[in-house]
Amino acid sequence: MGRAFEYRKATKLKRWGHMARVFTKLGKEITIAARDGGPDPDSNPRLRVLIQQCKKENMPKENIERAIKKATDKSSEGYKEINYEGYGPHGIAIFVETATDNNMRTVANIRSYFTKHGGSLGTQGCLQFLFDRKSVFTVAPKEGVDLDELELELIDYGVDELGQDEDGNIIIYGDFQSNAQIQKYLEDNGFEINSAEFVRIPNDYKTLTDEEKESVQKLIDKIEEDEDVQNVFTNMAE
(Lines give C-alpha, C1' and ligand atoms only; values in the text may rest on other atoms or scores of the structure.)
Protein backbone atom coordinates (compact mmCIF):
# COMPACT_ATOMS: atom_id res chain seq x y z
CA MET A 1 0.00 0.00 0.00
CA GLY A 2 1.19 3.52 -0.73
CA ARG A 3 1.29 6.83 1.03
CA ALA A 4 -2.44 7.44 0.57
CA PHE A 5 -3.46 4.28 2.39
CA GLU A 6 -1.03 4.87 5.24
CA TYR A 7 -2.67 8.27 5.63
CA ARG A 8 -6.18 6.80 5.60
CA LYS A 9 -5.31 4.12 8.14
CA ALA A 10 -4.20 6.82 10.57
CA THR A 11 -7.07 9.23 10.11
CA LYS A 12 -10.15 7.27 8.99
CA LEU A 13 -13.23 9.22 10.06
CA LYS A 14 -11.57 10.32 13.30
CA ARG A 15 -12.88 13.86 13.02
CA TRP A 16 -16.45 12.63 12.37
CA GLY A 17 -16.89 11.04 15.76
CA HIS A 18 -20.23 12.57 16.75
CA MET A 19 -23.45 12.62 14.73
CA ALA A 20 -24.06 16.34 15.23
CA ARG A 21 -20.56 17.05 13.94
CA VAL A 22 -21.17 14.86 10.89
CA PHE A 23 -24.44 16.61 10.08
CA THR A 24 -22.90 20.07 10.44
CA LYS A 25 -19.97 19.19 8.19
CA LEU A 26 -22.11 17.56 5.52
CA GLY A 27 -24.64 20.40 5.64
CA LYS A 28 -21.95 22.97 4.89
CA GLU A 29 -20.53 20.83 2.09
CA ILE A 30 -24.00 20.53 0.54
CA THR A 31 -24.54 24.30 0.70
CA ILE A 32 -21.18 24.96 -0.95
CA ALA A 33 -21.75 22.28 -3.62
CA ALA A 34 -25.22 23.65 -4.41
CA ARG A 35 -23.88 27.20 -4.58
CA ASP A 36 -21.05 26.26 -6.94
CA GLY A 37 -22.83 23.71 -9.15
CA GLY A 38 -26.53 24.42 -8.77
CA PRO A 39 -29.26 22.94 -6.54
CA ASP A 40 -30.28 20.10 -8.89
CA PRO A 41 -28.42 16.87 -7.98
CA ASP A 42 -29.11 15.41 -11.45
CA SER A 43 -26.84 18.03 -13.00
CA ASN A 44 -24.48 18.49 -10.04
CA PRO A 45 -22.29 15.40 -9.47
CA ARG A 46 -20.73 16.71 -6.26
CA LEU A 47 -24.12 17.47 -4.74
CA ARG A 48 -25.48 14.11 -5.87
CA VAL A 49 -22.81 12.09 -4.09
CA LEU A 50 -23.06 14.25 -0.95
CA ILE A 51 -26.82 13.64 -0.73
CA GLN A 52 -26.17 9.92 -1.11
CA GLN A 53 -23.60 10.14 1.67
CA CYS A 54 -26.07 12.00 3.90
CA LYS A 55 -28.62 9.23 3.48
CA LYS A 56 -26.04 6.65 4.56
CA GLU A 57 -25.36 8.77 7.66
CA ASN A 58 -29.13 8.92 8.36
CA MET A 59 -29.15 12.69 8.05
CA PRO A 60 -32.79 13.91 8.07
CA LYS A 61 -34.22 14.93 4.70
CA GLU A 62 -35.20 18.35 6.02
CA ASN A 63 -31.56 19.02 6.96
CA ILE A 64 -30.50 18.29 3.39
CA GLU A 65 -33.22 20.48 1.92
CA ARG A 66 -32.37 23.32 4.31
CA ALA A 67 -28.69 23.16 3.35
CA ILE A 68 -29.54 23.33 -0.38
CA LYS A 69 -31.95 26.22 0.19
CA LYS A 70 -29.26 28.15 2.06
CA ALA A 71 -27.17 28.14 -1.13
CA THR A 72 -29.93 29.86 -3.11
CA ASP A 73 -31.14 32.21 -0.37
CA LYS A 74 -30.03 35.69 -1.43
CA SER A 75 -30.64 37.04 2.06
CA SER A 76 -28.01 34.66 3.45
CA GLU A 77 -24.31 35.52 3.34
CA GLY A 78 -23.46 31.86 2.88
CA TYR A 79 -20.19 30.12 3.64
CA LYS A 80 -16.72 31.01 2.45
CA GLU A 81 -14.07 28.31 2.22
CA ILE A 82 -10.90 29.61 3.85
CA ASN A 83 -7.73 27.69 4.66
CA TYR A 84 -5.36 28.37 7.53
CA GLU A 85 -1.82 27.03 7.71
CA GLY A 86 0.70 26.97 10.48
CA TYR A 87 3.03 24.95 12.64
CA GLY A 88 2.17 23.22 15.88
CA PRO A 89 4.53 22.11 18.64
CA HIS A 90 7.72 20.33 17.50
CA GLY A 91 7.47 21.74 13.98
CA ILE A 92 4.41 19.75 12.89
CA ALA A 93 2.71 21.29 9.84
CA ILE A 94 -1.05 21.80 10.31
CA PHE A 95 -3.42 22.61 7.44
CA VAL A 96 -6.91 23.72 8.48
CA GLU A 97 -9.89 23.89 6.10
CA THR A 98 -12.88 25.95 7.23
CA ALA A 99 -16.31 26.93 5.95
CA THR A 100 -17.36 30.14 7.67
CA ASP A 101 -19.88 32.94 7.48
CA ASN A 102 -17.70 35.17 9.68
CA ASN A 103 -14.03 35.21 8.74
CA MET A 104 -13.07 37.64 11.52
CA ARG A 105 -14.38 35.22 14.13
CA THR A 106 -12.76 32.20 12.53
CA VAL A 107 -9.29 33.63 12.05
CA ALA A 108 -9.27 34.98 15.61
CA ASN A 109 -10.23 31.57 16.98
CA ILE A 110 -7.73 29.62 14.88
CA ARG A 111 -4.90 32.00 15.76
CA SER A 112 -5.70 31.70 19.48
CA TYR A 113 -5.64 27.90 19.33
CA PHE A 114 -2.19 27.90 17.75
CA THR A 115 -0.84 30.49 20.18
CA LYS A 116 -2.21 28.85 23.34
CA HIS A 117 -0.90 25.40 22.40
CA GLY A 118 2.66 26.29 21.44
CA GLY A 119 2.19 26.79 17.72
CA SER A 120 2.12 29.66 15.26
CA LEU A 121 -0.30 30.55 12.48
CA GLY A 122 1.46 31.17 9.17
CA THR A 123 0.55 32.99 5.99
CA GLN A 124 -1.90 31.51 3.51
CA GLY A 125 -0.12 29.21 1.09
CA CYS A 126 2.93 28.61 3.26
CA LEU A 127 2.27 24.85 3.50
CA GLN A 128 0.93 24.16 0.00
CA PHE A 129 4.18 22.47 -1.03
CA LEU A 130 3.96 19.98 1.87
CA PHE A 131 0.61 18.42 0.91
CA ASP A 132 -0.91 16.82 -2.20
CA ARG A 133 -4.65 17.37 -2.58
CA LYS A 134 -6.51 14.20 -3.58
CA SER A 135 -10.01 12.96 -4.29
CA VAL A 136 -10.90 9.83 -2.34
CA PHE A 137 -13.93 7.63 -2.94
CA THR A 138 -15.13 4.83 -0.68
CA VAL A 139 -17.05 2.33 -2.80
CA ALA A 140 -19.09 -0.68 -1.68
CA PRO A 141 -17.69 -4.09 -2.72
CA LYS A 142 -19.00 -5.31 -6.08
CA GLU A 143 -19.20 -8.96 -7.04
CA GLY A 144 -16.91 -10.04 -9.85
CA VAL A 145 -14.65 -6.99 -9.70
CA ASP A 146 -10.91 -7.62 -10.00
CA LEU A 147 -9.12 -4.79 -8.18
CA ASP A 148 -6.00 -4.96 -10.35
CA GLU A 149 -8.04 -4.71 -13.54
CA LEU A 150 -10.16 -1.92 -12.06
CA GLU A 151 -7.05 0.03 -11.12
CA LEU A 152 -5.66 -0.29 -14.63
CA GLU A 153 -8.97 0.89 -16.04
CA LEU A 154 -9.16 3.88 -13.71
CA ILE A 155 -5.64 5.13 -14.39
CA ASP A 156 -7.01 6.79 -17.53
CA TYR A 157 -9.53 8.63 -15.34
CA GLY A 158 -6.97 10.19 -13.01
CA VAL A 159 -6.74 7.47 -10.32
CA ASP A 160 -3.30 6.82 -8.86
CA GLU A 161 -4.00 4.33 -6.06
CA LEU A 162 -6.65 1.76 -5.23
CA GLY A 163 -7.12 -0.84 -2.50
CA GLN A 164 -9.50 -2.15 0.14
CA ASP A 165 -10.09 -1.27 3.78
CA GLU A 166 -10.72 -3.69 6.64
CA ASP A 167 -14.45 -3.73 5.84
CA GLY A 168 -13.91 -4.78 2.24
CA ASN A 169 -14.81 -1.37 0.79
CA ILE A 170 -12.87 -0.26 -2.27
CA ILE A 171 -10.87 2.92 -1.60
CA ILE A 172 -9.92 4.97 -4.63
CA TYR A 173 -7.44 7.86 -4.58
CA GLY A 174 -7.13 10.17 -7.54
CA ASP A 175 -6.08 13.59 -8.67
CA PHE A 176 -8.14 16.40 -7.16
CA GLN A 177 -8.97 17.80 -10.59
CA SER A 178 -10.20 14.37 -11.76
CA ASN A 179 -12.93 14.09 -9.14
CA ALA A 180 -15.89 14.54 -11.54
CA GLN A 181 -14.66 12.07 -14.15
CA ILE A 182 -13.84 9.42 -11.54
CA GLN A 183 -17.32 9.80 -10.06
CA LYS A 184 -18.90 9.55 -13.52
CA TYR A 185 -17.04 6.31 -14.26
CA LEU A 186 -18.15 4.80 -10.95
CA GLU A 187 -21.79 5.79 -11.46
CA ASP A 188 -21.85 4.67 -15.11
CA ASN A 189 -20.46 1.28 -14.13
CA GLY A 190 -22.88 0.58 -11.28
CA PHE A 191 -20.61 1.15 -8.28
CA GLU A 192 -22.26 2.24 -5.04
CA ILE A 193 -20.39 5.27 -3.69
CA ASN A 194 -20.45 5.34 0.11
CA SER A 195 -18.50 8.57 0.42
CA ALA A 196 -16.46 11.05 -1.58
CA GLU A 197 -14.14 13.59 -0.03
CA PHE A 198 -11.08 15.71 -0.65
CA VAL A 199 -7.99 15.13 1.47
CA ARG A 200 -4.51 16.61 1.75
CA ILE A 201 -1.82 13.96 2.07
CA PRO A 202 1.60 15.03 3.36
CA ASN A 203 4.59 14.45 1.09
CA ASP A 204 6.64 13.47 4.10
CA TYR A 205 5.89 12.56 7.71
CA LYS A 206 7.58 13.75 10.87
CA THR A 207 8.07 11.21 13.66
CA LEU A 208 7.57 12.30 17.27
CA THR A 209 7.79 10.68 20.66
CA ASP A 210 4.54 9.75 22.41
CA GLU A 211 4.88 12.75 24.71
CA GLU A 212 5.45 15.09 21.77
CA LYS A 213 2.48 13.61 19.91
CA GLU A 214 0.26 14.26 22.89
CA SER A 215 1.06 17.98 22.90
CA VAL A 216 0.35 18.24 19.16
CA GLN A 217 -2.88 16.26 19.51
CA LYS A 218 -4.17 18.70 22.11
CA LEU A 219 -3.88 21.48 19.53
CA ILE A 220 -5.51 19.38 16.80
CA ASP A 221 -8.40 18.42 19.09
CA LYS A 222 -8.98 22.06 20.01
CA ILE A 223 -9.03 23.14 16.35
CA GLU A 224 -11.41 20.33 15.39
CA GLU A 225 -13.87 21.38 18.10
CA ASP A 226 -14.45 24.70 16.33
CA GLU A 227 -17.77 24.71 14.46
CA ASP A 228 -16.22 26.51 11.46
CA VAL A 229 -13.57 23.83 10.92
CA GLN A 230 -14.23 21.22 8.26
CA ASN A 231 -10.93 19.32 8.11
CA VAL A 232 -7.51 19.28 9.74
CA PHE A 233 -4.47 17.70 8.08
CA THR A 234 -0.97 17.29 9.49
CA ASN A 235 2.33 15.63 8.65
CA MET A 236 2.63 13.93 12.04
CA ALA A 237 3.45 10.23 11.68
CA GLU A 238 1.24 7.82 13.59
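The values are calculated or read from the model by the stated rules, or taken from the named source; none is laboratory data. Small disclaimer: the values here were computed from a predicted structure and weren't measured. Virtual Cβ from ideal backbone geometry, glycine too; neighbours counted across all protein chains shown. Quick note on the areas: whole protein, heavy atoms, side chains included, nothing else; ligands and nucleic acids left out. Shrake-Rupley method; radii C 1.70, N 1.55, O 1.52, S 1.80 Å.
Within the stretch 127-238, count lysine pairs with alpha carbon atoms under 21 angstrom apart where the residues are 8 or more positions apart or belong to different chains.
6
Counting DSSP beta bridges in the chain, what percent are antiparallel, to the nearest 5?
Of the beta bridges lying entirely in the chain, close to 95 percent run antiparallel.
How much accessible area per residue does the chain have, in Å², with a 1.4 Å probe?
Value for the chain: 52 Å² per residue.
I'd like the FRET efficiency for GLU192 and ASP156, computed as 1/(1 + (r/R0)^6) with the beta carbon distance as r and R0 of 22 Å, rounded to 0.05.
Approximately 0.50, to the nearest 0.05.
How would you classify the stretch 74-190 from its alpha-carbon gyration tensor, with a ≥ b ≥ c the square roots of the eigenvalues: rounded for a/c under 1.5, else prolate if a/b is greater than b/c, otherwise oblate?
Here the stretch 74-190 falls in the prolate category.
For the chain, with a Gaussian network of springs between Cα atoms less than 10 Å apart, report the residue from GLY158, GLY190, GLY91 with the top mean-square fluctuation.
GLY190
Using a Förster distance of 22 Å, how high is the FRET efficiency between ASP101 and LYS61, based on the Cβ-Cβ distance and rounded to 0.05?
That pair, ASP101 with LYS61, gives E of 0.40.
With a cap of 16 neighbouring Cβ atoms within 10 Å, and only residues DSSP puts in a loop, list the chymotrypsin sites (Phe, Trp or Tyr not before Pro) found in the stretch 55-155.
For chymotrypsin sites (Phe, Trp or Tyr not before Pro) across the stretch 55-155 that sit outside H, G, I, E and B with at most 16 neighbouring Cβ atoms in 10 Å, the list is empty.
In a GNM of the chain with a 10 Å cut-off on Cα contacts, which of LYS222, LYS74, LYS25 has the highest mean-square fluctuation?
Of LYS222, LYS74, LYS25, the most mobile in the Gaussian network model is LYS74.
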